[in-house]
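Enquirer: Pasting in a structure now, in structure tokens, and then I'll have a few things to ask.
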Amino acid sequence: MPATVVVGAQWGDEGTGKIANLLAQDADVVVRYQGGNNAGHTIVIGDETFALSLIPSGVIYPNVTPVIGNGCVVDPAVLLKEMDMLRSRGIDPAKLKLSTNAHLIMPYHRKLDAVRERFLGKQQIGTTKRGIGPAYLDKFGRVGIRVQDLYDPGIFRDKLEAVVKETNKVLVKIYNQLAFDPEEIAAEYLGFAKALERHVDDTALFVWQAIRDGQNVIFEGAQGVLLDIDHGTYPFVTSSNPTSGGALTGVGVGPHDIDRVLGLTKAYVSRVGTGPFPTELSDDIGETMVRVGGEYGTVTGRRRRCGWLDTVALRYAVRVGGITELAIMKLDVLSQFPTVRIGNAYESEGVTYGEFPRQQGVLYHCTPLYEDLEGWSVDISEVRSWSDLPTAAQDYVQRVEDLAGVPIRLVSVGPQRAATFEKPS
Ligand code: GDP
Ligand code: IMO
Ligand code: MG
């Protein structure tokens with residue numbers, strides 16, 4: 001049975017939730033390996049829409065054990081709320097496993113996220129303000145608090161006191177904010193311990209064993225390769241590694257445990273928050289992409305910036321993300337346009353870039369070079385097979401595959417699971 005990583009190949013919101021959920025139908029385990037409730041994964045099943053931020057998209061199937069891996073940062077109040085939401089809609093998250101080594105998002109992380117953004121002014125990242133960056137900062141600064149600390153109240157209080165003492169100085173003296181009371185936080189968080197206890201586990205061992213037992217395991221990424229802290233458009237990135245390398249450290253398995261890495265690309269590009277975006281469109285075409293694609297953030301409701309597909313960035317994401325095959329998402333949105341464009345190089349100061357430039361400044365100033373393909377101008381949202389796709393749409397997908405350098409295996413033409421079909425090789 002395969003172990004598959006599903007990860008966005010752009011700046012997030014490529015449809016990871018939909019595809020992870022689709023693959024989960026035949027899976028045994030679906031594990032999130034990084035990020036936290038900055039993610040917003042939408043799943044559409046019949047008339048029902050679920051927006052999940054922390055719990056893996058496979059949770060809706062009784063056959064799946066959903067797992068939150070050690071690489072994630074977890075806001076326990078949000079997790080418990082998400083579990084309640086699922087229960088209220090008839091889904092029992094009883095099988096959920098939470099890594100004992102995952103780090104906790106604390107109230108001061110959320111506060112720091114908001115005030116640091118304000119202080120950055122024009123340099124701000126446009127974070128989701130969920131405390132993600134500050135939680136990872138504490139993790140790597142070795143003052144983070146882990147899920148397992150909830151079950152050793154003495155250690156929990158000691159660690160909390162030390163970190164709050166320092167953090168309060170920063171909050172009060174630098175950011176002019178009120179101090180946090182460690183006792184209040186301890187009371188709140190130790191209160192979460194009981195509700196979460198039955199879910200807490202050695203998830204690295206669990207997933208390792210599942211793979212050894214030949215089970216079908218899906219590693220569900222959040223965000224996308226271009227938001228990766230190492231390989232993305234730093235500093236306009238998230239604070240973790242969505243790339244498939246992150247799947248290994250974020251769960252606790254080795255490279256040979258992964259059989260394939262399915263990257264997701266929209267048929268165009270979207271981005272929330274600030275940062276460079278060479279093919280961004282600020283004209284009617286971009287506006288149509290936003291409107292028809294429903295490009296508003298699942299978590300923050302922010303309007304997503306949109307533009308033509310950029311295959312320089314896609315080739316880069318395939319390479320650094322270790323992507324072995326692709327799914328092309330939201331192809332239906334391009335039905336709006338009589339001509340569809342594919343960015344295949346950048347031009348800046350007389351230099352043509354076929355590879356993602358090593359100097360990030362180029363991304364701001366370059367002019368994308370496009371090839372124009374004839375559009376198909378008919379609604380394809382009801383198409384359910386490759387052979388029924390208009391030839392112009394087939395040509396477009398084939399051209400993207402040729403430029404990306406790895407096969408496109410899946411085509412998505414609508415939010416529902418059924419609106420997905422295979423592309424023959
Ligand atoms: P994720 O964060 O990668 O899981 O993606 P989001 O859920 O944030 O955003 C993707 C949006 O596109 C969701 O509203 C999906 O329901 C929707 N969606 C997914 N695939 C398709 C598709 O092929 N066509 C259209 N029109 N919408 C899609
Ligand atoms: P999914 O999983 C799109 C963006 C934020 C901001 C940057 C840093 O739904 O694809 P953070 O709060 O993580 O410190 O913000 O990353 N961002 C996302 N953009 N989809 C997401 O998740 C995102 N998660 C974070 O907008 O630019
Ligand atoms: Mg999303």
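The values are calculated or read from the model by the stated rules, or taken from the named source; none is laboratory data. Since the model is a prediction, treat every value here as computed from it, not as a measurement. We place every Cβ from the backbone using ideal geometry, glycine too, and count neighbours over all the protein chains shown. Heavy atoms of the whole protein, side chains included, go into the accessibility calculation; ligands, DNA and RNA do not. Shrake-Rupley method; radii C 1.70, N 1.55, O 1.52, S 1.80 Å.
Enquirer: Looking at the range 96-123, which of its residues are modelled with pLDDT of 95 or more and of a type in the set (S, T, N, Q)?
Expert: S99, T100, N101, listed by residue number.
Enquirer: Let me ask you something else. Test K129 against the criterion of being open to solvent by 30 Å² or more (accessible area, probe 1.4 Å) and away from ligand 2 (no atom under 14 Å from the Cβ), and give yes or no. Steps first, please.
Expert: Numbers: open to solvent by 30 Å² or more (accessible area, probe 1.4 Å): yes; away from ligand 2 (no atom under 14 Å from the Cβ): no.
When the stated conditions are applied, K129 does not pass them.
Enquirer: Do we have any residue at all in the range 211-229 that's within 15 Å of the chain's Cα centre (by Cα), under 25 Å from A51 (Cα atoms) and open to solvent by 40 Å² or more (accessible area, probe 1.4 Å)?
Expert: Residues of the range 211-229 that are within 15 Å of the chain's Cα centre (by Cα), as a first pass: 218-229.
Those still in the list that are under 25 Å from A51 (Cα atoms) too: 218-229.
Those left that are additionally open to solvent by 40 Å² or more (accessible area, probe 1.4 Å): 229.
Scanning the range 211-229, I find at least one residue that is within 15 Å of the chain's Cα centre (by Cα), under 25 Å from A51 (Cα atoms) and open to solvent by 40 Å² or more (accessible area, probe 1.4 Å), so the answer is yes.
Enquirer: I'm checking my understanding of the structure. Among residues of the range 1-28 that are of a type in the set (S, T, N, Q) and in contact with a strand residue (DSSP E or B) (Cβ under 7 Å, 6 or more places away or on another chain), which one is nearest to ligand 3 (Cβ to nearest atom)?
Expert: T16
Enquirer: Next question. Could we say that A345 is within 16 Å of ligand 2 (Cβ to nearest atom) and open to solvent by less than 30 Å² (accessible area, probe 1.4 Å) here?
Expert: Working: within 16 Å of ligand 2 (Cβ to nearest atom): no; open to solvent by less than 30 Å² (accessible area, probe 1.4 Å): yes.
Judged against the criteria, A345 is not a match.
Enquirer: Among the polar types (S, T, N, Q), in contact with a Gly (Cβ under 9 Å, 6 or more places away or on another chain), open to solvent by 10 Å² or more (accessible area, probe 1.4 Å) and within 16 Å of ligand 2 (Cβ to nearest atom): which single residue out of T42, T65 fits that description?
Expert: Values: T65 fails: within 16 Å of ligand 2 (Cβ to nearest atom).
The conditions single out T42.
Enquirer: Can you find a residue in the range 3-19 that is touching a Cys at 6+ places or on another chain (Cβ under 6 Å) and either within 13 Å of ligand 2 (Cβ to nearest atom) or open to solvent by 10 Å² or more (accessible area, probe 1.4 Å) (or both)? First the steps, then the outcome.
Expert: Narrowing the range 3-19 to residues touching a Cys at 6+ places or on another chain (Cβ under 6 Å): none.
The answer is no; no qualifying residue exists.
Enquirer: Only one of these conditions is not met by V292: (1) within 21 Å of the chain's Cα centre (by Cα); (2) within 22 Å of L389 (Cβ to Cβ); (3) within 16 Å of ligand 1 (Cβ to nearest atom). Which number is it?
Expert: That leaves (1) as the condition not met.
Enquirer: Which numbered condition in (1) open to solvent by 60 Å² or more (accessible area, probe 1.4 Å); (2) more than 16 Å from ligand 1 (Cβ to nearest atom); (3) over 25 Å from T288 (Cα atoms) is the only one that E422 fails?
Expert: (2)
Enquirer: Can you name every residue in the range 281-298 that is more than 13 Å from ligand 3 (Cβ to nearest atom) and either buried (at least 16 other Cβ atoms within 10 Å of the Cβ) or part of a helix (DSSP H, G or I) (or both)?
Expert: Quick first cut of the range 281-298, residues more than 13 Å from ligand 3 (Cβ to nearest atom) only: 281-292.
L281, D284, I285, G286, E287, T288, M289, V290, R291, V292 - these are the residues of the range 281-298 that are more than 13 Å from ligand 3 (Cβ to nearest atom) and either buried (at least 16 other Cβ atoms within 10 Å of the Cβ) or part of a helix (DSSP H, G or I) (or both).
Enquirer: With the requirement that a residue be within 13 Å of ligand 2 (Cβ to nearest atom) and either among the polar types (S, T, N, Q) or touching a helix residue (DSSP H, G or I) at 6+ places or on another chain (Cβ under 7 Å) (or both), what does the range 264-286 give you? First the steps, then the outcome.
Expert: Initial filter on the range 264-286 (within 13 Å of ligand 2 (Cβ to nearest atom)): 264-266, 269-277.
The answer is L264, T265, S270, T274, P276.
Enquirer: Within the range 262-280, track down each residue that is open to solvent by 10 Å² or more (accessible area, probe 1.4 Å) and either under 19 Å from V318 (Cα atoms) or in contact with an Asp or Glu (Cβ under 8 Å, 6 or more places away or on another chain) (or both).
Expert: V272, F277, P278
Enquirer: What residue, among those in the range 25-60 that are touching a residue at least 12 places away in the same chain (Cβ under 8 Å) and of a type in the set (D, E, K, R), is nearest to V147 (Cα to Cα)?
Expert: Going through the qualifying residues, I end up with R32.
Enquirer: Return a yes/no flag: does the range 97-114 have any residue that is closer than 30 Å to I45 by Cα and assigned to a helix (DSSP H, G or I).
Expert: For the range 97-114, residues closer than 30 Å to I45 by Cα and assigned to a helix (DSSP H, G or I): absent.
Enquirer: Please state which of the following conditions R87 fails to meet, knowing it meets all the rest: (1) surrounded by fewer than 16 Cβ atoms within 10 Å (Cβ to Cβ); (2) on the phi > 0 side of the Ramachandran plot; (3) of a type in the set (K, R).
Expert: (2)
Enquirer: Give just the number: which of (1) among the small types (G, A, S); (2) open to solvent by 20 Å² or more (accessible area, probe 1.4 Å); (3) over 30 Å from L334 (Cα atoms) does S240 not satisfy?
Expert: Result: S240 passes all but (2).
Enquirer: Now for a separate question. Can you name the residue in the range 61-85 that is in contact (Cβ under 8 Å) with a residue 12 or more places away in the chain, over 20 Å from the mean Cα position of the chain (by Cα) and in a helix (DSSP H, G or I) and, of all such residues, is nearest to V217 (Cα to Cα)?
Expert: L80
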